[in-house]
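All remarks here apply to the structure that follows.
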Amino acid sequence: MKSSYSDAEAAIYLEKYKDYPEDLALRVYTSQLLGRESELVLHGGGNTSVKSSVKNIFGEDILVLYVKGSGWDLATIEPEGFPALDLEYLKRMRGVERLTDEEMVNQMRTHLMDASSPDPSVEALLHAYLPFKFIDHSHSDSIVILTNQKNNREIIREALGEKVAVLDFIMPGFPLGRAVYDLYTQNPDVEAIVLLNHGLFTFGDDARTSYERTIEYVDRAERYIEAKLGNAQSSNAQAVAPPRLHDVARACQLLRGALVKGGEGRPAKRFVLDVRTPEDIVAASMSPDAAEFCVSGLLTPDHVIRTKGKYLYIDGVPADDEAAAAKVQALVADYQDDYIRYFDRSVERGGVSKKRLDTLPRVFVIAGIGIVAAGSTKKDAKIAADLAEHTIRAKVKAKQIGEYAALPEQDLFDMEYWSLEQKKLGKGAPLPLQGQVALVTGGGGAMALGIGDRLLAAGAVLVLTDINGERLGKVKESLAAKQKSAEIATIVLDVTDYDAVVNAFDQVSALYGGIDILVPNAGIAHVAKIEELATDKLDQVMDVNFYGVFNLLKAGAALFARQGTRGNIVVNSSKNVFDPSPSFGAYSASKAAAHQISKIAAMELAPLGVRVNMINADAVFGNDNVSSGLWDVVGPDRMKARGLDPEGLREYYRERNLLKETVLAEHVGNAVVFFATEQTPTTGATLPVDGGIPNAFPR
Ligand code: ZN
C-alpha cells in the first residue's frame, strides 16, 4: 500500500475549508484518504481525530478534541462530521473509577462545543488520552489477518517491528481508552498500537505523519503476508466458471423464501439480497474450507451487527425446486436453533438479561455461486456483502499463512448486544413495503412515474422495464431526483417476448433476490374503426396489451411458486373494459382479454397466497415532463374531435366525471400501494380510479 498524500491535494482542502481551523481541514483530507481504501475501512468503520483549540463566547481559548462523529463515513466525511469536545474535561474523566456506557455518552454530549453535533465516536476517549495531535484508526484487512492468528503477538512483532505496542481485545469505550493510555505510558516510544482482533492506531504531530504511519504499517503487514503466501498463492489459483444467471436467480428466490418462512411475525419481514460472484469468491465457496470459513468467527467484532457471528454455508442447491426449497429451509431452521443456543449460553455466561434479536442468518456462502447477503434494504445487504467478501478473502490468506483464530464468542455477543452498537443501526418504524421488490412494465411513461413514486415512498425497491431505454432513463432520473435514497433499477424489455420476460425476472432476482409486486402496466393504443382496423395493427395491440400481461402472469406464477413468499400482481387495466368507445376496438378488446385472464390468475394463484387485482383508470394525466405513450397516440385525435387544446382536454375530462377531479398518475400509484400492502383480503377485484364514471362502474 502506498501513501496517497500530496501537498497539492492538501492545499485544495485548505482552500475548500478555509472557514475552518487548518488542523481540521487537514484532518478531513487525510481521513478521506483512509476512507478511499476499502482495505483500510469499510462502511463507517475506523475513526480519526485532531486536537486543536477554539474560542468560547468569552474570547478564551479552549482545547478541544475533534473526533469522528457517529454516522459519518471516513470516505465522505466533512468538517461537520467532527464534533468538538472539551479536551481538558475528557482528560479529567480518566480518573473516574467506573463509567457506564450511557454515562460516558452523556458526559460527551454535555461537553460538546456545539449542541447540534452528532454523537462522538465510541472510541473518543482513547483519542483524548493519547498525547498526540493526530490519531488515525483503521480496521485494515492485512493487520487483522495478522492479529487473528493463534500466535498473533509473535507474528505482529515479526511483521511490524519493535515500534508497535500490542493490546488484547477490549470493548471500545471507557476501559479501552484507559487501557490504551496505560499501554502508551509504559511504551512511550511506539508509533502505533495494534488492538488484537480489531485494528490499528497510529499517531503523529501532523496529519501527514499519522496517516503515513498507517500506510507504512499496513504496507509492512501486506508484504509480510505476501512473502508467506509465496508460491502457494499461484498454485492455488484454479480457474472456476462464473455461476449462470438462472442458477443465481433461483438460489436467491429459494433463499428469500426460506427467510420469510423462518421469520418472526406475520406477515414476516422480507429481505433484499445482494450477490457477490467474483472468481476468487466463487473458488472459495467451492473449497474444502468453505464451511469452516462460515463459522470460524469474524475479522473484527463490530461486523456482528451487520452479518451476525456466523454465515450459513450451503453446499449445493438441488435441481428439483421442491427438494431445493426443503433443503434451504432446513438449513435456515438449523441456523436459527444454533443462534438461540448461542444467545442462551451467552446470556447465562455473562450473567446479563437481554432481549434476543431475530435469529435469521444475514450472509450465505453457496458453493459454486459465491456470497449472498440479506438486509432490510439494498444498502444494508450491500454492507453485509462487502464485509463478508473482505472476510472470506482474509480467511483464505490467514489459513495459508498460519492458523486462523477469532475472538471467543462471548466477546462477539457483548458487541452484538451492546446498546451503543445497536444504536448505530438506527431503528425507525419500517415502511409498509420495506424489503419488497416491485417490477413495473411500461416504465418509460407518465403512468410509471406516478406508480413508481408511490411504491418508492412506501419503501419498495423499484424495477422499471420498457422497450424504450431512453424513456426509461428519463423516468428513472426523475424518480431518483424526487426520492433521494431510493433503490431503482431499469431493464430494457419487450413484454411480448416470453423468454425475455423470464430472463428479466432472473436479472431482478440476481440483483435483489426476487419479486414481490408485479405491475403489468405496458400498453399501446391504436385509433381505428373496425372496418379500417388492419389485422397487423390489431396484432400489435393484442401483443402488448394482452400477451404482455399474459407473459407476466405466466412467468410470475413460476417465480411466486418457487419463492413461496406470497405476492401481489396489480394489473393496470382500463375503464374501457366496462365502458368501451367507438374507434377504440383494438385497445378495448385487448384490455378486456387481459382483464379476464387476470381474473383467472386470481383464482389459480390464490393457493400460493398471490393476489391479483385490477385498476381501471381513466383519462390519467401526468404532472411531470414525461409524456404518456397512450396520450401521445389518442390525445391529438381527441383534441381534434372536440376542438380542444391540451389544457382544454384536461378540463374536458375533469368535467366529465362525477367528482370533477383530474385523475393523476399518483392516484393510480396509490391504488397499487393499497393492493400491495394487503390492507383488505381482496383478490380478483377491480378498483376504478376515474373520478366516478357511472357507465364504468364494475359489475
Ligand atoms: Zn475500531
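Some values worked out for this structure:
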{"item": "From Ala384, Ala326, Ala388, residue being more than 24 Å from Asn148 (Cβ to Cβ), not assigned by TED's automatic domain parsing to the domain that holds Asn197 and not basic (Lys, Arg)", "result": "Ala326"}
{"item": "Residue satisfying all of: in region 122-138; within 18 Å of Ala25 (Cβ to Cβ) and more than 14 Å from the ligand (Cβ to nearest atom); surrounded by the fewest Cβ atoms within 10 Å (Cβ to Cβ) among these", "result": "Lys133"}
{"item": "Members of region 482-493 found to be out of contact with any Ser or Thr (no Cβ under 9 Å at 6 or more places or on another chain) and within 19 Å of Gly469 (Cβ to Cβ), listed by number", "result": "Ile488, Ala489"}
{"item": "Cβ pairs under 6 Å, 6+ apart, first in region 289-312 and over 23 Å from Ile170 (Cβ atoms) and free of Cβ contacts under 8 Å to residues at least 24 places away in the same chain, second among the charged types (D, E, K, R) and part of a loop (DSSP other than H, G, I, E, B)", "result": "Val295/Lys310"}
{"item": "Region 33-62, residues that are in a strand (DSSP E or B) and more than 16 Å from the ligand (Cβ to nearest atom)", "result": "Val50, Lys51, Ser52, Ser53, Val54, Lys55, Asp61, Ile62"}
{"item": "Residue under evaluation Ala685, criteria (1) surrounded by 14 or more Cβ atoms within 10 Å (Cβ to Cβ); (2) not assigned by TED's automatic domain parsing to the domain that holds Ala617, criterion not met", "result": "(2)"}
{"item": "Restricting region 647-689 to residues that are under 39 Å from the mean Cα position of the chain (by Cα) and among the polar types (S, T, N, Q), the residue that is modelled with the lowest pLDDT", "result": "Thr662"}
{"item": "Those helices (runs of 4 or more DSSP H) lying entirely in region 108-196 with at least 1 residues more than 32 Å from the chain's Cα centre (by Cα) and of a type outside the set (Phe, Trp, Tyr)", "result": "124-129, 152-160, 174-186"}
{"item": "Members of region 63-77 found to be more than 16 Å from the ligand (Cβ to nearest atom) and closer than 11 Å to Ser121 by Cα, listed by number", "result": "Tyr66"}
{"item": "From Leu407, Leu433, Leu455, Leu464, residue being in contact with a Leu (Cβ under 9 Å, 6 or more places away or on another chain) and in a helix (DSSP H, G or I)", "result": "Leu455"}
{"item": "Members of region 591-617 found to be surrounded by 20 or more Cβ atoms within 10 Å (Cβ to Cβ) and either under 28 Å from Thr662 (Cα atoms) or among the basic types (Lys, Arg) (or both), listed by number", "result": "Lys591, Ala594, His595, Ser598, Arg611, Val612, Asn613, Met614, Ile615, Asn616, Ala617"}
{"item": "Qualifying residue in region 218-226 (condition: surrounded by 14 or more Cβ atoms within 10 Å (Cβ to Cβ), within 31 Å of the chain's Cα centre (by Cα) and outside the structural domain of Ala128 (by TED's automatic domain parsing))", "result": "no"}
{"item": "Per-region count, region 20-43, residues under 35 Å from the mean Cα position of the chain (by Cα) and either of a type in the set (Val, Ile, Thr) or open to solvent by 30 Å² or more (accessible area, probe 1.4 Å) (or both)", "result": "12"}
{"item": "Filter result for Gly262 (surrounded by fewer than 21 Cβ atoms within 10 Å (Cβ to Cβ) and away from the ligand (no atom under 16 Å from the Cβ))", "result": "yes"}
{"item": "Test: residue in region 190-198 that is more than 16 Å from the ligand (Cβ to nearest atom) and over 25 Å from Gly35 (Cβ atoms)", "result": "no"}
{"item": "Looking only at region 467-484, and only at residues there that are assigned to a loop (DSSP other than H, G, I, E, B) and touching a residue at least 24 places away in the same chain (Cβ under 8 Å), the one that is farthest from Val260 (Cα to Cα)", "result": "Asn468"}
{"item": "Selection status of Tyr66, buried (at least 18 other Cβ atoms within 10 Å of the Cβ) and more than 19 Å from Tyr211 (Cβ to Cβ)", "result": "no"}
{"item": "Residue within region 85-102 that is within 16 Å of the ligand (Cβ to nearest atom) and either under 30 Å from the mean Cα position of the chain (by Cα) or open to solvent by less than 40 Å² (accessible area, probe 1.4 Å) (or both) present", "result": "yes"}
{"item": "Pairs, first open to solvent by less than 90 Å² (accessible area, probe 1.4 Å) in region 641-661, second acidic (Asp, Glu), C-beta under 7 Å, six or more apart", "result": "Arg654/Glu661; Asn657/Asp690"}
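The values are calculated or read from the model by the stated rules, or taken from the named source; none is laboratory data. Every value quoted in this text rests on a predicted model; they were computed, and no experiment measured them. We place every Cβ from the backbone using ideal geometry, glycine too, and count neighbours over all the protein chains shown. The protein model used for the area step is the full one, side chains on, heavy atoms only, and it has no ligands, DNA or RNA in it. Shrake-Rupley method; radii C 1.70, N 1.55, O 1.52, S 1.80 Å.
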